[in-house]
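A.B. asks: Structure below; questions to follow.
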Amino acid sequence: MKNLFLITIVLLSFHKSFSQAKISISDAINIAGRQRMLGQRMAKDKVYLAADVNSTEAKKELEYTISIFQNGLKILKDFAPTDLIKSRVEEEEKTFNVYKTYILDDSKKAMQIVVNTNTIFLKICDNLVIEILEYAKQQPLNNINIPNKNLELKIPEATNIAGELRYLTQRLTLYYAINNYHIKNISPSEIDKIIKTLDKNINYLTALDINTLKIEEEINDIRIDWMKLKKGIYKDEKIDFEAKKINPIKLYKVCNRILYKANVTAKMYTELAKS
């Protein structure tokens, strides 16, 4: 519950700070990237509620996840600097309004629709991130705190990659639970693909030359949790569903802990972009 409380405080304060002033491009990338995570987390919480597992925490998390997603849409609408980005935000909003009805519907049919469409929703959210990243390439950040101006171009991408860690933790938990609770058979290769992407992103962030000491410390903490988590999923270098060395409740909590740290990391990258 302590971790849940901390995540709630960080995300709510995160929204409040942005709602009070015009946001930067890196802030927009961070918020748009967060939307990807929130969409996956809604589906994850729905699965845990349906399985009646970790339901008290899942219910609370789902409620504020929906609220934060809606707030994110408002901020991104205000930010939208081009017609294309504006249209991507509108597409995300329309899809979310439909997605939310199935998230809140307790029927088995709604569950199957969410399971079958969460990837589509993720793609729509990712399309918005891609458009903002493209816009960022045309808009130098002019950060006076970074001596090497070429490093400015790395900040939006670093913010995006840290943001990817957030949604990947929730997608991993979602797919693991879907399989464990026999909602749908998930192949080990699907889980393995998510894990390999997490590995790749953590390694990318570790090697960045724009990292501050605090960023390096946060990434190192992420790596420590991540390596422990992987040991509970693999056996003899293969995904092991049968041994169940890590149960879905523990996975839920550890992935949320990594999510919290990745959120802090993404926010620190946005701070690098501000003069």
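A.B. asks: Can you compute the modelled spin-label distance between THR56 and GLN139, with each label point 7 Å from Cα toward Cβ, in nm?
C.D. replies: Distance between label points: 4.4 nm.
A.B. asks: To test your reading of the geometry: what angle, between 0 and 90 degrees and rounded to tens, separates the Cα axis of helix 2-19 from the longest principal axis of the chain?
C.D. replies: 40
A.B. asks: Okay, moving on. Can you tell me the orientation of helix 25-50 relative to the chain, as the angle in degrees between its alpha-carbon axis and the longest Cα principal axis, to the nearest 10?
C.D. replies: 10
A.B. asks: Show log10 I(q)/I(0) for the chain at q = 0.07 Å⁻¹, two decimals, from a solvent-free Debye sum over equal Cα scatterers.
C.D. replies: -0.24
A.B. asks: Between LYS253 and GLN70, how many nm apart are label points set 7 Å from Cα along the C-beta direction?
C.D. replies: 3.1
A.B. asks: If we count every other residue with Cβ under 12 angstrom of LYS193's Cβ, Lys/Arg +1 and Asp/Glu -1, where does the sum land?
C.D. replies: On the way: positive: ARG171, LYS196, LYS200; negative: GLU190, ASP192, ASP199.
Summing Lys and Arg as +1 and Asp and Glu as -1 gives 0.
A.B. asks: Quick one: length gained pulling LYS238 to LYS94 fully straight, 0.36 nm per residue minus the C-alpha distance? Please report the intermediate quantities before stating the final value.
C.D. replies: Details: separation 144, 0.36 × 144 = 51.84 nm, distance 3.95 nm.
My answer for the length gained is 47.9 nm.
A.B. asks: Compute the length gained on full extension between ASP199 and ILE130: take 0.36 nm times their separation in residues and subtract their Cα-Cα distance, giving the result in nm to one decimal.
C.D. replies: Numbers: separation 69, 0.36 × 69 = 24.84 nm, distance 2.11 nm.
Full-extension gain reported as 22.7 nm.
A.B. asks: If you average 1/r over every pair of different alpha-carbon atoms in region 24-128 and take one over that average, what Kirkwood value in Å do you get?
C.D. replies: Details: mean 1/r = 0.0714 Å⁻¹.
Its Kirkwood hydrodynamic radius stands at 14.0 Å.
A.B. asks: Just the Cα atoms of region 150-224: what Rg and Dmax do they give in Å?
C.D. replies: Radius of gyration, then largest Cα-Cα span, for region 150-224: 14.9, 49 Å.
A.B. asks: While we're here: Which value in deg cm²/dmol, rounded to the nearest 500, describes the helix-derived mean residue ellipticity at 222 nm for the chain, given -39,500 (n - 2.57) per DSSP H run of n ≥ 4 and division by the residue count?
C.D. replies: Numbers: 9 runs with 210 residues, N = 275.
Helix contribution divided over all residues of the chain: -27000 deg cm²/dmol.
A.B. asks: At a Förster radius of 35 Å, what calculated FRET efficiency corresponds to the Cβ-Cβ distance of ASP192 and ASP83, to the nearest 0.05?
C.D. replies: On the way: r = 39 Å, r/R0 = 1.13.
Given R0 = 35 Å and the Cβ-Cβ separation, E is 0.35.
Where a number appears in this text, it was derived from the coordinates with a stated rule and is not lab data. Not measured: the values here are computed from a predicted model. Cβ atoms come from the backbone with ideal geometry, glycine included; neighbour counts cover every protein chain shown.
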